[in-house]
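The values are calculated or read from the model by the stated rules, or taken from the named source; none is laboratory data. These figures come from a predicted structure and were not determined experimentally. Virtual Cβ from ideal backbone geometry, glycine too; neighbours counted across all protein chains shown.
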Amino acid sequence: MANYLAQFQAIKNTSDRLVVAVEDVSDLWPSVKEGLEKRLPLKKASLNNKTRNPVYVENLQAEFILTTDSRLRSRFPQEQYLFWFREPYATIVLVSCEDLDEFKTILKPRLKLIVQNEEREWFIVFVSKAHPNNDQATKNAKKVYARLEVDFNTRKRERCCKLDLNGVDASFWEDFDFKIVESIRNTLDRRAQFYEEEIRKMSEQRLMPVWNFCNFFILKESLAFMFEMAHLHEDSLREYDELELCYIETVSTPGKQRDFGGLEHGDDQAALLKPGFKPLSQIVQDDSFREFEFRQYLFARQVKLLFRLGRPLEVVMRGYSFIISFSKTLALHENTLPFCLREVWVISACLAIISSTSSTYDGLAAPDNEKEFYRLHGDLYSLCRIKFMRLAYLIGYGVEIEKSPVNSASLSMLPWPKPSIWPAVPEDASAKVLAKEKLILQANPRMKHFNIQRKQLPLEPSSLLREANRRRASLSVGNLSELIDYRQIDGSGIDGHQKFSPSTTNSMSRTYSGPNLESSLSLDRPMRISEVHVAAEHALENTVTDPDLLKSLSSLEEFEQKYMELTKGAADNYHHSWWKRHGVALDGEIAALCFKHGNYDLAAKSYEKVCALYAGEGWQDLLAEVLPNLAECQKILNDQAGYLSSCVRLLSLEDGLFLAKERQAFQLEVVRLAHSEMKHPVPLDVSSLITFSGNPGPPLQLCDGDPGTLPVTVWSGFPDDITLESLSLTLTNTLNTDEGVKTIKSSDAHILKPGRNVIKLDVPPQKPGSYVLGVLTGQIGNLRFRSHNFSKGGPQDNDDFMSYEKPTRPVLKVLKPRTLVDISAAVSSALLMNELQWLGLIVKPIDYSLKGSLLSIDTGPGLMIDESHTIDINEYAKTMEDKVHAHDSNTITENNTHPLEPKQLYIENGKIALPDWASDTSTTLWFPVHAIDDRMARAASADSPHRQNMVDGMRTIALKLEFGAFRNQIFERTIAVHFTDPFYVTTRVANKCNDGTLLLQATIHSQVKATLCLYDAWLDLQAGFVHVRKENGRPVSSFFPLVISPSSTAGILFSICIDNMAIAADQNEVVQAESILNVMYGISGDRSNGAHSPTSLKLGSSDKLFFKVAIALQRPILDPCIAVGFVPFSSNCLRVGQLINMKWRVERLKDLEASPSSSCKDEVLYEVDANPEIWMIAGRTMGHALLSNARGSRTEITVTCMPLVSGHVRPPQLGLPAMDDANISCNPPGPHLVCVLPPTLSSSYCIPA
Amino acid sequence: MIACVAVVGHQNNPLYLQSFTGADDALKLHHIVHCSLDVIDERVNNPKRSVITLNESYLGLLYPTESYKVYGYLSNTKVKFLVVTTDLDVKDTDIRSFFRRFHAAYVDAVSNPFHVPGKKIISRIFAARVSGIVKAFAPGTYG
């Protein structure tokens, strides 16, 4: 059966659609052909798939072939059976007949013969040629057709349909289509069943020796092909999948040694998309196929079906896994295959899949699928790239490949090719060897920026040199010692071990470059690395048939171009997929190549992406590898901002990643740039490098308005000391965010040591609230930097990239404004007026130090400080204590707990500096003050005791205390101090004797909280009064001293009489208008209580004080000249608005001859005084009334007035300005009131209009 | 042979990475582990696509290449455990069992009150224990 393979292949190539046979019984084909073929392809066909489920197939291709056609006639029965899939799927019998008899006799037997073959699916198309107008013909045709139906239709199935050539019925075509599809479906079912049965039978023999895979394959593929023809691609694909599984099982059965294949020319190019790459008959081997070709063939078939099914994603998916698994298979047979065929094959396979699918993918699939698609493309590109790099490495371009983690990860774990014999150096290759040698020599391993020296990552799984030599035919395995010996003989004297470490391949190669290169070409000695490369290149040239690949490997430039293309392809596709990291990592490779070619701009962009990825996720090891490259790009591009930021990032990487020397180099760069002339000074974020925090412990507390010093811990990540030109921090008020941030500055330059530094910052007065640290800014040279990063009291932590929570712990609390100090008067009771008195002030700090405070005292009017005296200061509490002690016993009041405390202070320019010891305790300051009151004290009448006005004795003292650390706090207060005379005096005439002697009683009321002691008192009388018996005006001397307790009174009687003589005599002298009571007194009081003796001020001076009180003595009104009497109103009550006449009767009681002052003797001046708010006076208020000088003459003064308010009001008063009050006797004698009623209600206003 | 084991935090930050290749080439393993996070991300973000249901910690083979394999394991707290092995045929059960031990060691390490969550694991005991687990790992050792 395997012999039929070629034929099978040919049949497959020729038949690509279902065949419908046409049995043209009545020569009708030419006339119906056109109509029938118009129905193809079948628009819609309902077929059954392998599992007998209906499947709708659209545009099913088919072909009508006459049974007389050679294609159907020339087949042998066995052939037909074997390739049944190409046999007709339906047979249409075209019949036409108009005569019933003819039908019965001729046609019917013939038809019966035709349809007797049970295997066939057939139906009869009766073609009526009758013209519609020809009734007879139509009738006959109908009869014949009816007969036909009776004869050939069965109950189950109608097999006849009628086609009218003249006027086709639309329903016919539907019927026709249905019948064709029905036939095809039935045939398909039957054949599928047949094939399955056959396959099943064959599968049962699988483990028997007779098993022949080729036969199985033909059956299986026939079925698959049939399904494919019927557009049942899904089923077809399944058949191929099963076939593949079965094949792999067959291949993997141990026993027979089979040829693998892959040795022919062109096999290095994958035939994944070319099912017809090699005829199957060529790859058949015994009872099976060569694996190399056959598996590719199967995959190609699958891909074809997948494309038909519109599943490019699945193509890529299957493609990738096929390549991986096939690559493994290739690895198993590597020793028989050409050198590096595996790698070359993988490259071509990947590229083939990529190119076939990238054009077909429409991008309309679900986004998930799209991402998956791109990911797989990325994988394919990546795989291709790895293999390509491997080839390049073998031929010596390895020195130019970036030794990055990406490349190292891909290459260093990928085993070397394992040919049975490593290719040998071709003849006459010395020029090439030299060229390779040169390439290796010239390849200058790029020195990393900042002199970073790293061991380069390996790109090879083991030393290529050793591997190549080990696999050479002429050398035994593991001849390391030979190699070493050879080299020692060669005279290179470099330690062999070192040379063989993978990373030192380059240096090793240099040692080989001797001048006698020609002579070193010998088969028996180990190859040198350049020879290995040349040999590999030569072998590859034999392996590779793809001119593009050959070209790509031909020169370094071509290699790099291809390498770039593959890397970009992989990166771009990964970027479109979920696998962003893969994409970005490859971007780094692109950047490396860009860098190498001087395309620094692109390189920097790509490197930035890579750095951002690694930094974002904290992969510092990887970042440390890439970041110096970025920095170098930026430096070359003169991107100072970027370069600085990269340097800072380098510095802020973990300690172990760079050597101290390297870190110092980074810092040097930063400092160098900072102090260089920058065109545009750039701000720099050093958050990762310089971190800061408040000091541990409670926050600094400041009172409102106080400046302070805030210690801040700053962690420096610089490896060396770094000088900061300035440093400032922002403070954010946590309570009130409206205020924004406040900046506090440290004025002086700082040198930050590596690690922890404590820096003190001056805090100007802040508003109340609690403050947290905000941003640290500062300057290094011309460089402004800022840091947002808080350290938590420990060294700066590199993993902090994910903890952005700011510490809410406040570093500074500014308290709400409160009273920090209180100054009050120590004594509330009155002090002595006009005497030197101690004024006590209690200065009471309220939880606030008054250190260095200055008290300014500004006395108000009438008060002065006696600056010649010192000021006493003592502790307030002690004063109180002392007082208690003083009460208990008469112990010493001063104790010496503070021996050094100055108790005496001096006032300078009205200011007193408080002593330090008094800064935290309440103290009492005692000032000597002197209140001055020029007015003489006046005695009051006992009848109308008019006490001294309190305001008169009030003196103010304005105090201003400047305190706080910078005397920034100011406390101002004005204190009222009450001064008073020691006593006030009331007088009354105690008795009036008939002889004119008056007993004048002077009552002395003590006004102070101290005991007064009267030593003497005398009365200097005014003119008109004389002492009785012409005494000196003193009471009985034994009466003194008289002690008056606080708030008590004492009385002194003086007997005086009116001096009638004096009146005339005194006319021309300045008479004493008032009497003076002179009192000599002493006072014994405590200054902490109130008034006290001023004698304590002047030691040795007399403690007797002198006090004068003026007493106004009136001549008794016993001798009035004129009497004024208020005449009662005529009506009982006054009303508001009522005009009344107010009358006074004036009567002369005495003759006034003696009075010289009265110029107008017969008239008297009067004046009416009324409150204008109460009274409205009609007429004159002042005038002269006639009054004769004769005693008893009288007159009446009338004034019309009207009260304006109701109530008890004072009536207008009549005064006689020309007369002395003493000579007027009034009736009523004192002020009196009259009652004024409200106005009467006026009803007239209430009458409705 | 296990080339490398790694613990990666829930923000994809490396918490622990130990190479067992003996050579000074840990950086490439960093790269492999870091790139493998792509696969974990993809599986976690596309539960539909992933073969293994997410209620299981073991993520299975993440990353088959020709030369090495990466297996993953995801804890409930989204901490990822990864193993890079150069053994190309390893039984799933072995790897599962390995991850269980590895996870247990991690849990013990981070239970240390002096360990700051989210920070790199610097415990020497953990390192020693992981080395022990790696050394004990040989295909077929665990059942």
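Observations on the model:
- Any hit, the range A:162-172, residues being buried (at least 16 other Cβ atoms within 10 Å of the Cβ) and modelled with pLDDT of 85 or more: no
- For residue A:130, the conditions (1) surrounded by 17 or more Cβ atoms within 10 Å (Cβ to Cβ); (2) closer than 30 Å to residue A:214 by Cβ; (3) modelled with pLDDT under 80 are fulfilled apart from (2).
- The range A:420-445, residues that are touching a helix residue (DSSP H, G or I) at 6+ places or on another chain (Cβ under 8 Å) and assigned to a loop (DSSP other than H, G, I, E, B): A:422, A:423, A:424, A:425, A:426, A:429, A:443, A:445
- For residue A:544: the one exception among (1) in contact with a Phe, Trp or Tyr (Cβ under 8 Å, 6 or more places away or on another chain); (2) at pLDDT below 90; (3) away from chain B (no Cβ under 14 Å): (1)
- For the range A:721-739, a residue qualifies if it is touching a residue at least 40 places away in the same chain (Cβ under 8 Å), exposed (fewer than 15 other Cβ atoms within 10 Å of the Cβ) and more than 24 Å from the chain's Cα centre (by Cα), and exactly one does: A:723.
- Neighbours by Cβ (under 7 Å, 6+ apart or cross-chain): first from the range A:958-987, assigned to a strand (DSSP E or B); second of a type in the set (Lys, Arg) and buried (at least 16 other Cβ atoms within 10 Å of the Cβ): A:970/A:960; A:972/A:960; A:977/A:955; A:979/A:955
- Filtered residue count, the range A:361-413, keeping only those that are more than 12 Å from chain B (Cβ to nearest Cβ) and outside any helix (DSSP H, G or I): 9
- Residue, nearest to residue A:368 (Cα to Cα), within the range A:568-585, restricted to residues that are surrounded by fewer than 22 Cβ atoms within 10 Å (Cβ to Cβ) and away from every other protein chain (no Cβ under 12 Å): A:576
- Residues located in the range A:988-1022, provided they are in contact (Cβ under 8 Å) with a residue 60 or more places away in the chain and of a type in the set (Lys, Arg): A:992, A:1009
- Residue in the range A:703-713 that is touching a Ser or Thr at 6+ places or on another chain (Cβ under 7 Å) and outside any loop (DSSP other than H, G, I, E, B) present: yes
- Residue list for the range A:647-662, filter: under 26 Å from the mean Cα position of the chain (by Cα), more than 13 Å from chain B (Cβ to nearest Cβ) and more than 18 Å from residue A:404 (Cβ to Cβ): A:647, A:648, A:649, A:651, A:652
- The single condition from (1) at pLDDT below 85; (2) polar (S, T, N, Q); (3) touching a Cys at 6+ places or on another chain (Cβ under 9 Å) that residue B:85 fails is (1).
- Flag for residue A:443 being modelled with pLDDT under 75, surrounded by fewer than 14 Cβ atoms within 10 Å (Cβ to Cβ) and either out of contact with any Phe, Trp or Tyr (no Cβ under 8 Å at 6 or more places or on another chain) or not basic (Lys, Arg) (or both): no
- Of all residues making up the range A:224-240, the number that are over 22 Å from residue A:282 (Cα atoms) and assigned to a helix (DSSP H, G or I): 11
- Close pairs (8 angstrom Cβ cut-off, 6 or more residues apart or separate chains): closer than 14 Å to residue A:527 by Cα in the range A:424-438, among the basic types (Lys, Arg) anywhere: A:424/A:472; A:433/A:528
- Test for residue A:665: is it closer than 25 Å to residue A:719 by Cβ and either within 13 Å of another protein chain (Cβ to nearest Cβ) or at pLDDT below 85 (or both): no
- Unmet criterion (only one of (1) within 11 Å of residue A:870 (Cα to Cα); (2) surrounded by fewer than 22 Cβ atoms within 10 Å (Cβ to Cβ)) for residue A:911: (1)
- Qualifying residue in the range A:323-346 (condition: acidic (Asp, Glu), surrounded by fewer than 24 Cβ atoms within 10 Å (Cβ to Cβ) and within 14 Å of chain B (Cβ to nearest Cβ)): yes
- Residue check, residue A:198 crowded, with 16+ Cβ neighbours inside 10 Å and over 21 Å from residue A:21 (Cα atoms): yes
- If the condition is being more than 9 Å from chain A (Cβ to nearest Cβ), within 25 Å of residue A:583 (Cβ to Cβ) and small (Gly, Ala, Ser), then the range B:1-43 contributes B:6, B:19.
- Residue B:50 meets all of the listed conditions (1) within 10 Å of chain A (Cβ to nearest Cβ); (2) modelled with pLDDT under 80; (3) surrounded by 16 or more Cβ atoms within 10 Å (Cβ to Cβ) but one, namely (1).
- The residue that is surrounded by the fewest Cβ atoms within 10 Å (Cβ to Cβ), counting only those in the range A:278-296 that are hydrophobic (A, V, I, L, M, F, W, C) and modelled with pLDDT of 85 or more, is A:294.
- Residues of the range A:309-339 satisfying the condition of being touching an Asp or Glu at 6+ places or on another chain (Cβ under 9 Å) and without any contact (Cβ under 8 Å) to a residue 12 or more places away in the chain: A:310, A:328
- Residue match in the range A:612-633 (condition: farther than 14 Å from residue A:448 by Cβ and more than 14 Å from chain B (Cβ to nearest Cβ)): no
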